[in-house]
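The structure under discussion appears below in the form of structure tokens.
The values are calculated or read from the model by the stated rules, or taken from the named source; none is laboratory data. What you are looking at is a predicted structure, and each value in this text was computed from that prediction instead of being measured. A quick note on method: Cβ atoms are made from the backbone with ideal geometry, for glycine too, and the neighbour counts reach across all protein chains shown. Note: accessible area is taken over every heavy atom of the protein model, side chains too, but ligands, DNA and RNA are not part of it. Shrake-Rupley method; radii C 1.70, N 1.55, O 1.52, S 1.80 Å.
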Amino acid sequence: MTTPTSTPVTTEALASAMSRSRFSLGAFKIFAIKNAMMLVMVLVIVYFTLASPLFATLDNVQNILLAAAPFALIAFGQTLVILTGGIDLSVGSTIALSAMIAAWWARANPEQIWIGFAVAVASGILVGLINGALVAFLRVPAFIATLAMLTLASGLAYVIGDGAPINGLPAAYGDIAKFKVLGLQFPVIVMIVGFIVLAVVMRKTVYGTRIYATGGNPQASRIAGIKVSAVLLSVYVISGGLAAASGVLLSSRVIAGTPSLGQGYELDAIAAVVIGGASLMGGRGTVWGTLIGLLLIQTLNNGMDLLLVPSYWQSVIKGVLIAAAVAADVYVSRRTH
């Protein structure tokens, strides 16, 4: 009978195993932080599913998607701006301005509602063009330029309605929001299509690469031949156009133009982008991350409403979430640079 013999552990093998263990642990920590919002999303869904029988229903899922749709467009636009290292504070006022223009046109020309929608979207593109020109060519800090535009667009929205909402619109004005395809409301379809288009643009096109390069290192991008000013101008134009389209959808949903519509939406859009993992310093982030951040916010809002959580506690919880996302961003940046 023989007895098993053990292989002696050498010092080199022990050191190698400890090194691999440290590497694996560090890689796991980075992976967990980079995908923290997805993990949080899963936990939130599981919690609300157990806490409320109304949460995991098809109607409620559709409610979450419908609530997220208007924010999605401005959050997608905001993502492009933040990737370049900028910020667009005027999107909320652009929503109000486009809604008032569309409503004003529809009341004056009830047979030409779609032209009014097109004019409203064009107004958002013009707002973005002005923002982009100030930032790209006059080198005005994005925070200052878009803050000024926030005030200007908000004032114009009130001027168009003479300080009051525009009501009494034809019923056809609400058709765009009521339109459905395969059971999905048109705003949800717009959100899905917008996500797919922007995700492909950012991952598969030279333009997407230039946006990341501009935000990562604008000086090096100029040396590499990238027209940084043109890239900056374009992202603000896209942001303004998407915000105006969001204003049209919201206005159609309530069949009215309201000068206060979209107030504070810019903060929710920025929160969705940051929670989704984008860096406010530019050069890092994805449209997919923004979509997850947005759906997480809307899922929290929906779940807490079902559980009758007071609105002030909802603000506290969302504030903690945003602070955690920013802290994770800073931690990852220090570990990866």
Worksheet item: Which helices count as membrane-span-like in the chain under these terms: full DSSP H, at least 24 Å along the axis by C-alpha, Kyte-Doolittle mean of 1.6 or more?
Response: 113-136, 142-160, 186-204, 228-254
Worksheet entry | the chain, relative contact order [Cα under 8 Å, separation at least 6], % | 31
Practice prompt. Could you work out which residue, out of Leu306, Leu65, Leu280, moves most in a Gaussian network model of the chain, that is, has the largest mean-square fluctuation with Cα springs under 10 Å?
Written response: Leu306
Worksheet entry | Label assignment, Rg and Dmax of the Cα atoms in Å derived from the structure, set (1) 24.7, 85; (2) 20.7, 66; (3) 23.7, 102 | (3)
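Show me 48-60, 98-110 ranked by packing, highest mean number of other Cβ atoms within 10 Å first.
Numbers: 48-60: 13.1, 98-110: 23.2.
Descending packing order for the listed peptides: 98-110, 48-60.
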Discussion item. With a 1.4 Å probe and all protein chains kept in place, how much accessible area does Met38 have, in Å² rounded to the nearest 10?
Written reply: 80
Discussion item. Leaving ligands and nucleic acids out of the surface, order Lys204, Lys318, Lys180 by accessible area at 1.4 Å, largest first.
Written reply: Lys204, Lys180, Lys318
Discussion item. At 1.4 Å probe size, what's the solvent-accessible area of Asp162? Round to the nearest 10 Å².
Written reply: 140
Worksheet item: How much length is gained if the chain between Val316 and Val61 is pulled fully straight, taking 0.36 nm per residue apart and subtracting their Cα-Cα distance, in nm to one decimal?
Response: 89.4 nm
Worksheet item: Using unit Cβ charges (K, R positive; D, E negative) and no other charged atoms, how large, in debye to the nearest 20, is the dipole of the chain about its Cα centre?
Response: 1020
